[in-house]
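*Asks:* First the structure, then my questions, so here it is.
Please treat every number below as a calculation from the coordinates, not as lab data. All values reported here derive from a predicted model rather than from experimental measurement.
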């Protein structure tokens, strides 16, 4: 486990989910792997983050209390922020899956395993993402 503790050494992770328990559990695991994690419980709270000054990776829930993660991503892209993103969702429309995959490096089904997420983030930030980081399984439930 000592080798894995540095898997995300100094990677900035910006985690947006309106479920505080998910933010706490994922941030704890990612921090064990060496990441620097900032959590946000709403899109409005996330707008104050400086993604362009401290590059890293975005992890966004799709359906939030104050909007949709992919719509917020479009807002960020229009501001010139091209930080890689992973979407996660417990519920998604089948037709939306293709769109989300085209906008992101990965789409993950909740509950998300924190250790698997760390491995996926490491692959993305080291440039070895490719198709291996796309959703390993389709998200069920509609």
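*Asks:* Percent antiparallel among DSSP beta bridges with both residues in segment 4-133, to the nearest 5?
*Replies:* 10 percent
*Asks:* With runs of 4+ DSSP H residues as the only contributors, calculate the mean residue ellipticity of the chain at 222 nm using -39,500 (n - 2.57) per run, divided by the residue total and rounded to the nearest 500.
*Replies:* Computed mean residue ellipticity for the chain: -10000 deg cm²/dmol.
*Asks:* Still on this structure: Quick one: length gained pulling residue 79 to residue 93 fully straight, 0.36 nm per residue minus the C-alpha distance?
*Replies:* Once the chain is fully extended between residue 79 and residue 93, it gains 2.3 nm.
*Asks:* Under 10 Å, Cα contacts only: if you run a Gaussian network model on the chain, which one of 11, 62, 119 comes out with the highest mean-square fluctuation?
*Replies:* It is 119.
*Asks:* Is segment 1-80 rounded, prolate or oblate when judged by the Cα gyration tensor, a ≥ b ≥ c being the square roots of its eigenvalues, rounded requiring a/c under 1.5 and prolate requiring a/b larger than b/c?
*Replies:* It is oblate, given that a/c is not under 1.5 and a/b is not larger than b/c.
*Asks:* Give the relative contact order (percent, whole number) for the chain; include only Cα pairs under 8 Å separated by 6+ residues.
*Replies:* 22 percent
*Asks:* In whole angstrom, and with the biggest value first, how far do the Cα coordinates of the chain range along each principal axis?
*Replies:* 41, 33, 29
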